[in-house]
Amino acid sequence: MLIIFYLLEIIKMNILKYSCAVRKIFIPFLFLTQVIACTDNNSSASPNSSEDNAIYAYIAAENQFKVIDIQDPSTPTLLSTTATDSSFLVETFPFGAIVASFSQFGNTYLDTVSTFDPENPVAQNFPSGVPFLRVTDMYYDQDHVFIGDEYRGLHVFDVNNFGLEVSILEYDTMSFTKLNDDMYIIHQDGGVNFSGLQKYDFTNINSPLLIASNGTDIDATSYPTEERTHHSWIEHDNNFLYVANLADKKLKKIDPANLSVLAEVDIQGHVTSFAIESGYAYITVQPHASEPTLLTGDDGIKVINLATMTLIDSIDLTEASGVAILNDYAYVVDTNALHIYSVASGILTLVISYPDGAGMDIALGKKVALNPLNFTFVP
């Protein structure tokens with residue numbers, strides 16, 4: 001069955017690789033109306049760190065999107081579950097969350113979910129189809145929403161009306177982040193003429209200018225298994241870049257000027273999610289029996305001291321797959337539970353394991369301030 005899975009992946013990728021279409025999504029008045037958490041589970045983390053009187057964990061759990069009240073981290077409460085299609089990534093956005101689907105052969109590329117009423121979220125389906133194949137990473141700033149695609153590069157949407165502006169690079173995009181107005185993208189082209197990390201000037205969003213490359217130290221390959229895609233992740237701490245590199249199981253500290261590797265540390269497993277907060281990197285890792293490259297390694301949460309680039313804590317879990325940090329707490333999901341840890345100097349102390357919070361990915365958000373009407377995609 002796994003051989004058939006990979007053959008279908010290759011066939012569909014090749015069929016759709018060379019066609020393109022433009023689709024628009026309209027979500028009026030949404031992007032100015034939410035206060036969100038300052039630390040997310042990967043490179044879409046927002047710089048907005050304002051506080052609010054309600055905090056939620058958003059969890060992607062294959063056929064469900066869960067909203068959990070974590071205002072008191074010691075007593076999480078499941079507020080709602082919403083049906084989704086093979087969801088495996090989730091990110092906080094001003095209207096609530098975007099939940100990405102894994103299946104290329106289903107009908108869903110992603111769902112946007114309004115959490116104005118967290119007990120009754122409003123999910124809006126964005127159907128799959130050219131040029132959208134599979135989400136790998138998500139990020140937004142004051143002007144644009146960026147959605148990485150495993151096969152079709154980087155899709156750039158206008159932040160005000162969520163209309164697609166352009167699909168650029170035409171490369172397989174794995175992960176990306178923005179630092180000092182430059183975009184850093186882990187990607188490769190279809191012929192693997194380039195595979196690694198590149199730095200771009202995005203002043204002209206329609207024609208990014210390549211500034212620097214590192215094609216030797218970074219694993220830019222995607223490894224789709226039965227339920228998710230595995231790949232390297234990139235983040236920054238406002239000074240340096242950090243790549244949780246998949247193939248060699250290392251966290252690499254990168255000079256943002258020339259993309260050279262300054263230091264690295266063994267994280268003892270294959271990354272599934274990655275967050276940075278207060279000088280520490282929190283990385284979930286897991287092996288996977290059906291992918292030869294991912295067979296070995298630990299399954300759990302790792303903590304790295306970024307000042308010394310040393311592993312300082314490690315806790316075993318079961319298919320660990322998502323992490324987010326907020327207010328001295330780490331929120332980690334695996335197939336058994338949402339595990340909430342207090343954090344002191346990077347050391348994790350378990351507060352509670354909450355079975356209703358089990359899932360594949362997690363993001364943190366605050367209360368949505370405006371009830372979104374006409375929440376509609378227009379192809």
Residues (in a strand (DSSP E or B), within 22 Å of Gln142 (Cα to Cα) and of a type in the set (Asp, Glu)) located in segment 161-203: Glu165, Asp182, Asp201
Regarding Val130, is this residue in contact with a helix residue (DSSP H, G or I) (Cβ under 6 Å, 6 or more places away or on another chain), open to solvent by 20 Å² or more (accessible area, probe 1.4 Å) and at pLDDT below 90? yes
When segment 222-243 is examined, which residues are found to be open to solvent by 40 Å² or more (accessible area, probe 1.4 Å) and closer than 18 Å to Phe88 by Cβ? Glu226, Glu227
Quick check on segment 64-78: of everything there that is without any contact (Cβ under 8 Å) to a residue 60 or more places away in the chain and over 20 Å from the mean Cα position of the chain (by Cα), which residue is least open to solvent (accessible area, probe 1.4 Å)? Asp69
Could you check Asn206 against (1) part of a loop (DSSP other than H, G, I, E, B); (2) open to solvent by less than 20 Å² (accessible area, probe 1.4 Å) and say which number it fails? (2)
The residue from Ile186, Ile168 that alone is closer than 22 Å to Ser101 by Cα, under 14 Å from the mean Cα position of the chain (by Cα) and among the aliphatic types (A, V, I, L, M) is Ile186
Does Phe105 satisfy being open to solvent by 30 Å² or more (accessible area, probe 1.4 Å) and touching a Leu at 6+ places or on another chain (Cβ under 9 Å)? yes
Cβ pairs under 6 Å, 6+ apart, first in segment 79-97 and under 12 Å from Ala61 (Cβ atoms), second outside any strand (DSSP E or B) and basic (Lys, Arg): Phe88/Arg228
Looking only at residues that are polar (S, T, N, Q) and at pLDDT 95 or above in segment 346-379, which one is least open to solvent (accessible area, probe 1.4 Å)? Ser353
I'd like to know if segment 136-151 contains one or more residues that are closer than 25 Å to Ala60 by Cβ, open to solvent by less than 10 Å² (accessible area, probe 1.4 Å), out of contact with any helix residue (DSSP H, G or I) (no Cβ under 8 Å at 6 or more places or on another chain) and polar (S, T, N, Q). yes
Of the residues in segment 301-329, how many are among the hydrophobic types (A, V, I, L, M, F, W, C), under 24 Å from Asp72 (Cβ atoms), open to solvent by 10 Å² or more (accessible area, probe 1.4 Å) and out of contact with any Leu (no Cβ under 9 Å at 6 or more places or on another chain)? 1
Based on what the data block shows, is Phe146 in contact (Cβ under 8 Å) with a residue 24 or more places away in the chain, part of a loop (DSSP other than H, G, I, E, B) and of a type outside the set (Gly, Ala, Ser)? no
Would a scan of segment 117-125 turn up a residue that is more than 20 Å from Tyr223 (Cβ to Cβ), open to solvent by less than 10 Å² (accessible area, probe 1.4 Å) and not hydrophobic (A, V, I, L, M, F, W, C)? no
Please find, among Ser128, Ser167, Ser114, Ser195, the residue that is closer than 19 Å to Leu241 by Cα and of a type in the set (Gly, Ala, Ser). Ser195
Exactly one of Asp189, Asp182, Asp201 is open to solvent by 20 Å² or more (accessible area, probe 1.4 Å), of a type in the set (D, E, K, R) and in contact with a Lys or Arg (Cβ under 7 Å, 6 or more places away or on another chain), and that residue is Asp182
Scan segment 292-303 and tell me whether some residue there is free of Cβ contacts under 8 Å to residues at least 40 places away in the same chain and over 24 Å from His230 (Cβ atoms). no
Is it the case, given these coordinates, that Val332 is open to solvent by 30 Å² or more (accessible area, probe 1.4 Å), β-branched (Val, Ile, Thr) and modelled with pLDDT of 95 or more? no
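The values are calculated or read from the model by the stated rules, or taken from the named source; none is laboratory data. These numbers were taken from a predicted model, which means no experiment stands behind them. Note: ideal-geometry Cβ built from the backbone for every residue, glycine included; neighbour counts use all protein chains shown. Heavy atoms of the whole protein, side chains included, go into the accessibility calculation; ligands, DNA and RNA do not. Shrake-Rupley method; radii C 1.70, N 1.55, O 1.52, S 1.80 Å.
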